[in-house]
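The values are calculated or read from the model by the stated rules, or taken from the named source; none is laboratory data. None of the values given here were measured: they were computed from a predicted structure. A quick note on method: Cβ atoms are made from the backbone with ideal geometry, for glycine too, and the neighbour counts reach across all protein chains shown. In case anyone asks, the SASA skips ligands and DNA or RNA and just uses the protein heavy atoms, side chains included. Shrake-Rupley method; radii C 1.70, N 1.55, O 1.52, S 1.80 Å.
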Amino acid sequence: MEVPEIIDIGVIESGLKHPSIFEKFDALKPGSSIIIYNDHYIRPLYYHLLAERGQTFIWEPVKNGPLVWQVKIVKTLAKDNEENIGEIVARDYRKAVIFKNLGIDFCCGGKQTITGACEQQGLEVEEVSRQLAGETKPSTAPDMHFQSWDIGFLCKYMVQLHHLHIKNNTPFIQELSRKISKTYGEKYPEIIEVAAVFEDANKLLLRNMANEEQNLFPYITALSEAYKSGTVINEAVFGPVCFLVYQMEAEHEKVVEDFRKLRAITQNYQLPPYVPAIYNILYKMLQEYEDDLHLHLHLENNILFANAIKMENEMRDKRRIA
């Protein structure tokens with residue numbers, strides 16, 4: 001039985017960490033594996049590997065902190081060039097409802113193919129394909145072809161619509177959930193957990209948005225302007241845009257997981273029996289908040305970030321990144 005090589009990221013020089021892992025991964029035969037060891041969160045590597053190597057590996061967490069993170073990466077045979085879920089939803093956002101009902105994450109799992117997602121969820125590819133091919137209900141999301149938008153303009157759209165929606169609604173939902181927890185927590189203890197999970201999710205989400213607004217989005221906007229004008233742009237202080245994007249995507253995944261917990265705790269936002277109207281307000285706001293969040297993260301992960309990486313790579317190849 002082959003024993004996987006253990007790679008301690010902590011002892012590798014900063015700029016060589018991911019290249020070293022990619023080199024080890026590329027040398028593997030299908031069915032073979034490596035184990036990555038680190039003293040801090042390792043999930044951004046998953047998004048980098050998925051973006052660069054596609055559906056050619058299985059990611060098996062071994063330890064998930066708080067002091068040690070380990071993951072086993074098993075190399076698999078390359079799959080056919082199948083359209084991924086993010087591309088399907090970007091083309092027709094109405095398909096998002098189908099993926100959501102099937103428990104398939106389209107906003108943070110958009111780089112997966114239908115085949116890969118079905119293998120992970122234990123679903124039949126034929127049945128999922130049949131549902132996607134059928135008639136879809138009208139979407140409540142804006143009917144806009146976001147893929148054709150200038151990425152600098154899309155950054156402004158994200159800030160002025162989706163970021164603002166979160167900033168405006170988060171304080172009220174937090175205050176409402178705390179008030180209900182204090183008054184009804186003894187009778188309905190799940191509401192205490194609802195308040196705690198929502199607060200944790202939004203600490204991370206607000207920090208993530210601040211990083212986008214202060215660092216990532218200004219660079220993407222400047223990148224877009226340089227691309228259109230044919231000028232040279234200095235590389236961002238944080239390095240290639242992809243590395244900050246992979247960090248963002250990993251954080252987005254955590255937020256989506258927290259909202260998945262909220263759905264489980266509340267049984268898909270079903271009201272407990274004999275509760276006051278204030279409960280109904282909270283659950284409706286949480287559901288609307290989650291729906292907007294899924295569109296928000298889909299636009300960033302599957303369209304904005306992907307196009308920004310593609311643009312920067314093209315400019316780098318033309319030596320327009322100094």
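Please list 287-298, 118-129 highest first by mean number of surrounding beta-carbon atoms within 10 Å per residue.
287-298, 118-129
With θ taken as phi - 60° and the coefficients 6.51, -1.76 and 1.60, list the Karplus ³J(HN,Hα) couplings across region 29-36 in order, rounded to whole Hz; mark glycine and proline as x.
Using θ = phi - 60°, the values come out as 8, x, x, 8, 8, 10, 10, 9 Hz.
Give K75/K111; K24/K254; K167/K261; K63/K254; K72/K111; K187/K284 a once-over and call out the pairs whose C-alpha atoms are over 23 Å from each other.
Pairs exceeding the cut-off: K24/K254.
Take peptides 269-275, 178-184 and line them up by average Cβ neighbours within 10 Å, highest first, as a rough protection proxy.
Most protected by this proxy first, the peptides run 178-184, 269-275.
Can you list the residues, at least 5 places off or on another chain, whose amide H is less than 5 Å from the amide H of I7, using H built in the peptide plane?
Amide H neighbours of I7: I35, I36, Y37.
In degrees from 0 to 90, rounded to the nearest 10, what is the angle of the helix 305-317 Cα long axis to the longest principal axis of the chain?
20
In whole Hz, with x marking every Gly and Pro, tabulate ³J(HN,Hα) for region 128-134 from phi via Karplus 6.51 cos²θ - 1.76 cosθ + 1.60, θ = phi - 60°.
With coefficients 6.51, -1.76 and 1.60, one gets 5, 5, 5, 5, 5, 7, x Hz.
Name the GluC sites (Glu not before Pro) in region 149-197 that are in a loop by DSSP and that have at most 14 other C-beta atoms within 10 Å, would you?
Those satisfying the criteria are E186.
At a 1.4 Å probe, what is the % contribution of carbon and sulfur to the accessible area of the chain? Please report the intermediate quantities before stating the final value.
Numbers: 8990 of 17090 Å².
Accessible surface attributable to carbon and sulfur in the chain totals 53 percent.
For the chain, set up a GNM with springs between Cα atoms under 10 Å and report which of A195, A96, A277 has the largest fluctuation.
Of A195, A96, A277, the most mobile in the Gaussian network model is A277.
With a ≥ b ≥ c taken as the square roots of the eigenvalues of the C-alpha gyration tensor of region 1-68, please select rounded if a/c is under 1.5 and otherwise prolate if a/b is larger than b/c or oblate if it is not?
Judged from the Cα gyration tensor, region 1-68 comes out rounded (a/c under 1.5).
What is the spin-label model distance, in nm, from F238 to A51 if the labels are put 7 Å beyond Cα along the C-beta direction?
Taking the simple label geometry, F238 and A51 are separated by 1.1 nm.
At 0.36 nm per residue, and after removing the present C-alpha to C-alpha distance, how many nm does the segment from V3 to R263 gain when stretched out fully?
Contour length minus Cα-Cα distance gives 89.6 nm.
For a quick check of understanding: with a 1.4 angstrom probe and all protein chains in place, what accessible area in square angstrom does K95 have, to the nearest ten?
So the heavy atoms of K95 present about 30 Å² to solvent.
Quick one: of the DSSP bridges fully inside the chain, what percent are antiparallel, nearest 5?
75
Tally Lys/Arg at +1 and Asp/Glu at -1 over every other residue whose Cβ is under 14 Å from the Cβ of L206; what's the total?
-2
What is the Å³ per residue value for the convex hull set by the Cα atoms of the chain? List each step's numbers first, then the result.
Values: hull volume 54.1 nm³, N = 322.
Dividing the Cα hull volume of the chain by its residue count gives 168 Å³.
Compute, for L132, the solvent-accessible surface of its heavy atoms (probe 1.4 Å) with the complete set of protein chains present, and express it in square angstrom to the nearest 10.
Surface accessible to solvent at L132 totals approximately 20 Å².
Compute the Cα gyration tensor for region 38-182, then decide on rounded, prolate or oblate, letting a ≥ b ≥ c be the square roots of its eigenvalues: rounded whenever a/c is under 1.5, prolate when a/b is larger than b/c in the other cases, and oblate in all that remain.
Oblate, since a/c reaches 1.5 and b/c is not below a/b.
Among 314-320, 81-87, how do they line up by average Cβ neighbours within 10 Å per residue, starting with the highest? It would help to have the intermediate numbers written out before the result.
Details: 314-320: 12.3, 81-87: 16.4.
Ranked by mean Cβ neighbours within 10 Å, highest first: 81-87, 314-320.
From the backbone phi of region 269-281, what are the Karplus-calculated ³J(HN,Hα) couplings (6.51 cos²θ - 1.76 cosθ + 1.60, θ = phi - 60°) in whole Hz, Gly and Pro given as x?
6, 8, 5, x, x, 6, 10, x, 4, 4, 4, 4, 4
Enter the accessible area per residue of the chain (Å², integer; probe 1.4 Å; all protein chains in place).
53
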